[in-house]
Amino acid sequence: MSTIETSKTQNFFRILLGIFMITAAIGHFTFQRDDFQAQVPNWIPLDKDLVVILSGIVEIILGIGMIFLTKYKIEFGIALAVFYVLVFPGNIAQYLNGTDAFGLDTDQSRFIRLCFQPVLIFLALWSTGALSYLSKKTNRYML
């Protein structure tokens with residue numbers, strides 16, 4: 001993939017997302033492990049603790065990539081956006097089941113959290129230049 005120049009603001013948010021992902025990964029392995037397990041939907045046919053550990057590993061890889069592997073920032077932006085899409089059913093399950101976790105103890109707070117998932121997806125794509133890359137690729141096929 002080609003490299004797309006990103007602004008200082010985009011780089012700030014890319015690094016911020018990377019820090020956020022590394023911090024979340026640490027929570028997966030330590031103090032927020034129970035909260036993350038509570039978020040794993042019951043229909044997932046794997047042990048909840050295994051899902052939390054595996055997703056924590058993915059989060060730490062994505063976080064490190066977002067911060068340090070700038071040569072592959074577009075790929076990491078797309079991968080992070082896909083990851084946010086894949087974990088969204090857990091957020092929906094938390095809302096539908098009324099599961100208290102992460103300090104979200106009301107339906108309203110759990111619903112508000114749902115509204116922020118598209119924002120995270122957008123930030124992952126925008127901050128890495130992936131949004132521009134995908135837009136150019138789409139426009140090329142439409143012509």
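The values are calculated or read from the model by the stated rules, or taken from the named source; none is laboratory data. Only a predicted model underlies this, so the values are computations on that prediction, with no experimental measurement involved. Cβ sites come from the backbone with ideal geometry, for glycine too, and all protein chains shown count toward neighbours. Surface accessibility is based on the protein's heavy atoms, side chains included, excluding ligands, DNA and RNA. Shrake-Rupley method; radii C 1.70, N 1.55, O 1.52, S 1.80 Å.
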request  = Those residues that are within 20 Å of GLY63 (Cβ to Cβ) and of a type in the set (Phe, Trp, Tyr), I need them from the range 16-50; list them, please.
outcome  = PHE20, PHE29, PHE31, PHE36
message = Would you confirm, using the coordinates I've provided, whether THR9 is closer than 22 Å to PRO118 by Cβ and open to solvent by 60 Å² or more (accessible area, probe 1.4 Å)?
response = yes
query = Since THR3 meets every condition but one in (1) in a loop (DSSP other than H, G, I, E, B); (2) without any contact (Cβ under 8 Å) to a residue 40 or more places away in the chain; (3) open to solvent by 70 Å² or more (accessible area, probe 1.4 Å), which condition does it not meet?
reply = (2)
